[in-house]
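The values are calculated or read from the model by the stated rules, or taken from the named source; none is laboratory data. Here the structure is a predicted model, which is why all the values come from computation and not from measurement. Note that we place each Cβ from the backbone using ideal geometry, even for glycine, and neighbour counts take in every protein chain shown. For accessibility, only protein heavy atoms count, side chains too; no ligands or nucleic acids. Shrake-Rupley method; radii C 1.70, N 1.55, O 1.52, S 1.80 Å.
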Amino acid sequence: MVDEARVARHYGKSGIADRLLAALREVNGADAPVTPDALAPLDHFHGRGVVATEELVAALKPQPHEAVLDIGSGIGGPARWIAAKCGCRVTGVDLTPEFCAAARALIEAAGLAGRVTILDGSALALPVPDAAFDCAYSQNVVMNIEDKLGMYREAFRALKPGGRLALSNLCAGAKGDVRYPVPWAMTAETSFLVTQEAMRADLEAAGFEIVSFRDTTADTLPTVTRNRERLERDGLPRLGVHLLMGETARERQLNSARNMEEGRAATVEALVRKPG
Ligand SMILES: C[S@@+](CC[C@H](N)C(=O)[O-])C[C@H]1O[C@@H](n2cnc3c(N)ncnc32)[C@H](O)[C@@H]1O
């Protein structure tokens, strides 16, 4: 079983919110407002950034009266986006204490306190009551979790009957193991990609009905390649999720793109429902 502390150590760095807000002020000006839109280049920690968040939110369709759970909420980019754009309340849960602290500071800075709450905790033991949420969201998290069935069972428990879960998962490709390091792991020790068939089987074993299940690799590849070429040509932008990754950010982002381009990794978007 993976040591969760090792995953948290991979992501955890001190002073994240201060560093991001300083970068934002430097680029946008000292008095520029801190909004989910302004933060978007920095706080959606997954491939294709806020565009990918918008796609997954469009699949989930959170309604203003709904309670939303974001599992593996990172520094809170998607959670703030959902609260601001859909008008609902969002609870994020994340394993990495430094990410939770940064998420809270950015929620405060964006004036979203009371609308977005962040809880320290594991996706395998969610610190939330049974049947408390109308819908749940998890974007680029499960690749760090070995016990995927355990994660899906916890999401199932947290949802009300009829509740939906939207997932954007990185899955294993057909063309061999991924190249490391990547943004989510420096080595295979904390990376667990499974086939799309295994993902589907785990979701069904947890009790979910599959509403939609889509391999999005072909659709996303042109953007992935464009972003890789820009990174190779121009280097790191002034604002980007590389600010969360430290010195190896460029190499890790390039490997991530190449893994997709070479068929070593695939992206899947799924919407599933708890019966009832
Ligand atoms: C690549 S980041 C994605 C963050 C966020 N979902 C986003 O898209 O901006 C992966 C996140 O998953 C979290 N994570 C990994 N394993 C976890 C677990 N077992 N329970 C909760 N969070 C976990 C990490 O701490 C990290 O914040």
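For the reader, a short list of remarks on this structure follows.
- Check on ALA188, free of Cβ contacts under 8 Å to residues at least 24 places away in the same chain, out of contact with any strand residue (DSSP E or B) (no Cβ under 8 Å at 6 or more places or on another chain) and more than 16 Å from the ligand (Cβ to nearest atom): no
- Any hit, the stretch 199-206, residues being assigned to a helix (DSSP H, G or I), more than 21 Å from the chain's Cα centre (by Cα) and touching a residue at least 40 places away in the same chain (Cβ under 8 Å): yes
- Here the stretch 4-37 is the region considered, the condition is being in a loop (DSSP other than H, G, I, E, B) and either of a type in the set (S, T, N, Q) or free of Cβ contacts under 8 Å to residues at least 24 places away in the same chain (or both), and the residue that is most open to solvent (accessible area, probe 1.4 Å) is ASP31.
- Within the stretch 124-147, if we keep just the residues that are crowded, with 22+ Cβ neighbours inside 10 Å and more than 10 Å from the ligand (Cβ to nearest atom), the residue that is nearest to TYR11 (Cα to Cα) turns out to be ALA136.
- The condition of being within 13 Å of the ligand (Cβ to nearest atom) and either small (Gly, Ala, Ser) or surrounded by 24 or more Cβ atoms within 10 Å (Cβ to Cβ) (or both) holds for only one of ALA84, ALA113, ALA103, that being ALA103.
- Check on PRO97, under 28 Å from TYR180 (Cβ atoms), open to solvent by 50 Å² or more (accessible area, probe 1.4 Å), in contact with a strand residue (DSSP E or B) (Cβ under 9 Å, 6 or more places away or on another chain) and near the ligand (Cβ under 10 Å from one of its atoms): yes
- When the stretch 39-66 is filtered for residues that are open to solvent by 50 Å² or more (accessible area, probe 1.4 Å) and among the polar types (S, T, N, Q), only GLN63 remains.
- Restricting the first member to the stretch 231-260 and to residues that are closer than 16 Å to VAL178 by Cα and open to solvent by less than 20 Å² (accessible area, probe 1.4 Å), and the second to residues that are part of a helix (DSSP H, G or I) and among the basic types (Lys, Arg), the beta-carbon pairs closer than 6 Å and six or more apart or on different chains are ALA257/ARG228.
- Condition check for ASN227: open to solvent by less than 50 Å² (accessible area, probe 1.4 Å) and either within 12 Å of GLY47 (Cα to Cα) or part of a helix (DSSP H, G or I) (or both): no
- Screening ALA166, ALA155 for residues that are of a type in the set (A, V, I, L, M, F, W, C), within 17 Å of the chain's Cα centre (by Cα) and assigned to a strand (DSSP E or B) leaves exactly one candidate, ALA166.
- ARG179 being in a loop (DSSP other than H, G, I, E, B), within 21 Å of the chain's Cα centre (by Cα) and touching a residue at least 12 places away in the same chain (Cβ under 8 Å): yes
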